[in-house]
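Asker: If you scroll down you'll find the structure; I have some questions about it.
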Amino acid sequence: MDAETWETVERLVAWLDAQSTLAPEVELMSRLLKLSEETGEVAAAVIGALGQNPRKGFTHTWDDVDRELCDVILTAMVALRSRTPGAAALFRTHLTAVATRASGS
């Protein structure tokens, strides 16, 4: 991810922090739990794109699924940055390690 992306995440975290009325540890837990909510929205969009709820039919498109996946990624970035100021470097290191494992090196 580029520096601009992480700068945007930094601004979002600062905005969320400024809006929060919760104790910092409770706010962090809510951001971590938000990932489950967003993941559930991906599942709902896939079910809707496939028309797999007989009561509702086709309620979503694959573009909706893509947008929900973006929400999951962004929510995870915000949660990671909320946990650690070094989120960008941590993610970069982790991504490199996963890519190295995947290439068999």
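Asker: Filter the range 1-22 down to the residues that are of a type in the set (Gly, Ala, Ser) and free of Cβ contacts under 8 Å to residues at least 60 places away in the same chain, then identify the one that is farthest from PRO85 (Cα to Cα).
Answerer: Going through the range 1-22, the residues of a type in the set (Gly, Ala, Ser) turn out to be 3, 14, 18, 20.
Add one more test, that the residue is free of Cβ contacts under 8 Å to residues at least 60 places away in the same chain, and what stays is 14, 18, 20.
Values: ALA14: 12, ALA18: 16, SER20: 18 Å.
The residue in question is SER20.
Asker: Here is a list: ARG31, ARG101, ARG81. Which entry is surrounded by fewer than 16 Cβ atoms within 10 Å (Cβ to Cβ) and either at positive phi or of a type in the set (D, E, K, R) (or both)?
Answerer: Values: ARG31 fails: surrounded by fewer than 16 Cβ atoms within 10 Å (Cβ to Cβ); ARG81 fails: surrounded by fewer than 16 Cβ atoms within 10 Å (Cβ to Cβ).
Matching residue, one of ARG31, ARG101, ARG81: ARG101.
Asker: Could I ask something else about it? Can you go through LEU22, LEU12 and tell me which one is modelled with pLDDT of 95 or more, touching a helix residue (DSSP H, G or I) at 6+ places or on another chain (Cβ under 8 Å) and outside any helix (DSSP H, G or I)? If you could, list the steps in order and put the result at the bottom.
Answerer: Values: LEU12 fails: outside any helix (DSSP H, G or I).
After ruling out the rest, the residue left standing is LEU22.
Asker: Now, a different point. Can you name every residue in the range 45-70 that is part of a helix (DSSP H, G or I) and either among the β-branched types (Val, Ile, Thr) or surrounded by 17 or more Cβ atoms within 10 Å (Cβ to Cβ) (or both)? Quick ask: steps written out before the conclusion?
Answerer: Residues of the range 45-70 that are part of a helix (DSSP H, G or I), as a first pass: 45-50, 62-70.
ALA45, VAL46, ILE47, GLY48, ASP64, VAL65, GLU68 - these are the residues of the range 45-70 that are part of a helix (DSSP H, G or I) and either among the β-branched types (Val, Ile, Thr) or surrounded by 17 or more Cβ atoms within 10 Å (Cβ to Cβ) (or both).
Asker: Residues being surrounded by fewer than 11 Cβ atoms within 10 Å (Cβ to Cβ) and of a type outside the set (A, V, I, L, M, F, W, C): count how many of those fall in the range 13-28.
Answerer: The number of residues fulfilling the criteria is 4.
Asker: I've got another one for you. Would you confirm whether or not the range 61-76 contains a residue that is modelled with pLDDT of 95 or more and more than 19 Å from the chain's Cα centre (by Cα)?
Answerer: Step one: filter the range 61-76 for residues modelled with pLDDT of 95 or more, giving 61-76.
With the extra rule that they be more than 19 Å from the chain's Cα centre (by Cα), the set shrinks to 61.
For the range 61-76, residues modelled with pLDDT of 95 or more and more than 19 Å from the chain's Cα centre (by Cα): present.
Asker: Looking at THR100, THR93, THR39, can you tell me which residue is touching a residue at least 24 places away in the same chain (Cβ under 8 Å), β-branched (Val, Ile, Thr) and in a helix (DSSP H, G or I)?
Answerer: Numbers: THR100 fails: touching a residue at least 24 places away in the same chain (Cβ under 8 Å); THR93 fails: touching a residue at least 24 places away in the same chain (Cβ under 8 Å).
Result of the check over THR100, THR93, THR39: THR39.
The values are calculated or read from the model by the stated rules, or taken from the named source; none is laboratory data. These numbers were taken from a predicted model, which means no experiment stands behind them. Neighbour counts run over all protein chains shown; Cβ positions are idealised from the backbone, glycine included.
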